[in-house]
Amino acid sequence: MDKHAKIYVAGHRGLVGSALVRNLESKGYTNLITRTHAELNLTNQIATQRFFEKEKPEYVFLAAAKVGGIHANNTYPAEFVHDNLAIQTNVIHESYRSGVKRLLFLGSSCIYPRDCPQPIKEEYLLTGPLEPTNRPYALAKIAGIEMCWSYNRQYGTQYLAAMPTNLYGPGDNYDLNNSHVLPALIRKFHEAKINNQPTVTVWGTGIPRREFLYSDDMADACVYLMHLSDEKFNTILNPLSSAPPLVNVGVGEDISIKDLAELVKQTVGYQGELTFDITKPDGTPRKLMDVASLSALGWRADTTLMDGISRAYKDYILGIAK
């Protein structure tokens, strides 16, 4: 990507999109296009069409999505499948119609089967049943991958799907009902510390293992992928092969929810006890990404989990102080 290329970051206010904007600006990209949801509702086909016809971006990072943790996915399944299908359908199709050079579609590790062999390779897509608690969201993301693949095969586009593992970092969602596990733990432990609560309860058994990637590292990987030479980029796409244009983005290491909670507790400085509510769902037993493909291209994450949680906690404190 040329430093003056017209780049559209869809969903620039979210965890993923804001990290992408920070990364692109830090690398000297000067022609970024952004729109808030109030300015452009990407579930609206006509509005999206008019936006692309007017702006004609050369590159698109599709980070706009409806996201949330287990509670949100269980409570709003229709919104998760409808909104995500609509957003990606409109953006991918209008990218094709307006001649976008490259598009990066951001998915999620939940696209893989619930009881997937570990670590999870890209080839494991569609090899088993999904985790029921987030199936609507996962199916929408799988449809997005298939859409990128189909447009590449039929129209010769260069659309790549990147599947990040669990993300956290600046601008995260700390709502206890709708957030993912790590930001929820940060808020729980901070509020328990401030209110001198004797215990903090975590959902589930604490046994499941998760991998966590700092959002700024994820953004760096995405920009790295979009900046690859045509030869390397097309090797990943390989539209004539039986493999989708898919690459995992992660750190290659995981941690149990219990150990994660202990790490957050230590970072926040909470002195009370930790308990687990085993009546609540655990979700997928383990999700560790195989990142061999990305590593072979020359990229690795820089931020340790301890350092990342410390940065995320500082961001949370800044957020509640505003």
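The values are calculated or read from the model by the stated rules, or taken from the named source; none is laboratory data. Just so you know, these numbers come straight off a predicted model, no measurement behind them. FYI the Cβ positions are ideal-geometry reconstructions off the backbone, even for glycines, and counts take in every protein chain you see.
Among the numbered conditions (1) more than 21 Å from LYS258 (Cβ to Cβ); (2) buried (at least 22 other Cβ atoms within 10 Å of the Cβ), the only one that PRO183 does not meet is (1).
If you go through segment 71-84 one residue at a time, do you hit one that is at pLDDT 95 or above, under 17 Å from LEU103 (Cβ atoms) and surrounded by 15 or more Cβ atoms within 10 Å (Cβ to Cβ)? Within segment 71-84, one or more residues are at pLDDT 95 or above, under 17 Å from LEU103 (Cβ atoms) and surrounded by 15 or more Cβ atoms within 10 Å (Cβ to Cβ). Quick one: would you say LEU176 is among the aliphatic types (A, V, I, L, M) and touching an Asp or Glu at 6+ places or on another chain (Cβ under 6 Å)? Spelling it out, it is not the case that LEU176 is among the aliphatic types (A, V, I, L, M) and touching an Asp or Glu at 6+ places or on another chain (Cβ under 6 Å). Among what's in segment 119-138 and is surrounded by fewer than 17 Cβ atoms within 10 Å (Cβ to Cβ) and not hydroxyl-bearing (Ser, Thr, Tyr), pick the residue that is farthest from VAL181 (Cα to Cα). Within segment 119-138, the match that is farthest from VAL181 (Cα to Cα) is GLU123. The set of residues from segment 151-178 being under 28 Å from LEU225 (Cα atoms), hydroxyl-bearing (Ser, Thr, Tyr) and surrounded by 16 or more Cβ atoms within 10 Å (Cβ to Cβ) comprises TYR151, THR157, TYR159, THR165, TYR168. Pick out the one residue from ARG153, ARG187 that is among the basic types (Lys, Arg) and over 23 Å from the mean Cα position of the chain (by Cα). Being among the basic types (Lys, Arg) and over 23 Å from the mean Cα position of the chain (by Cα) holds for just one of ARG153, ARG187, which is ARG153. GLY283 passes every criterion in (1) in contact (Cβ under 8 Å) with a residue 24 or more places away in the chain; (2) farther than 30 Å from LYS27 by Cβ; (3) surrounded by fewer than 19 Cβ atoms within 10 Å (Cβ to Cβ) apart from (3). Reported count of residues in segment 85-118, each being buried (at least 23 other Cβ atoms within 10 Å of the Cβ), over 21 Å from HIS12 (Cβ atoms) and small (Gly, Ala, Ser), is 1. All conditions but one from (1) within 23 Å of the chain's Cα centre (by Cα); (2) within 19 Å of ARG209 (Cβ to Cβ); (3) of a type in the set (Asp, Glu) apply to ASP302; the one that does not is (2). Can you pull out every residue in segment 191-214 that is of a type in the set (Ser, Thr, Tyr) and closer than 20 Å to VAL268 by Cα? Those that are of a type in the set (Ser, Thr, Tyr) and closer than 20 Å to VAL268 by Cα: THR199, THR201, TYR214. When the residues of segment 210-238 are narrowed to those that are of a type in the set (Phe, Trp, Tyr) and surrounded by fewer than 22 Cβ atoms within 10 Å (Cβ to Cβ), which ends up nearest to HIS180 (Cα to Cα)? My answer is TYR224. The residue pairs whose first member lies in segment 167-188 and is of a type in the set (A, V, I, L, M), whose second member is part of a loop (DSSP other than H, G, I, E, B), and whose beta carbons are closer than 7 Å, counting only pairs six or more residues apart or on different chains, are VAL181/GLY69; ALA184/GLY69; ALA184/LEU176; ILE186/TYR174. The condition (being free of Cβ contacts under 8 Å to residues at least 24 places away in the same chain and of a type in the set (A, V, I, L, M, F, W, C)) is satisfied by just one residue among ALA47, ALA78: ALA47.
Here PHE276 meets the list (1) in contact with a Lys or Arg (Cβ under 9 Å, 6 or more places away or on another chain); (2) of a type in the set (A, V, I, L, M, F, W, C); (3) surrounded by fewer than 13 Cβ atoms within 10 Å (Cβ to Cβ) almost entirely, failing just condition (3). Could you check ASN234 against (1) at pLDDT below 95; (2) closer than 24 Å to TYR316 by Cα and say which number it fails? (2) is the only condition that ASN234 fails.
Annotation: of all residues in segment 246-260 being crowded, with 21+ Cβ neighbours inside 10 Å and not β-branched (Val, Ile, Thr), the one that is nearest to LYS188 (Cα to Cα) is LEU260.
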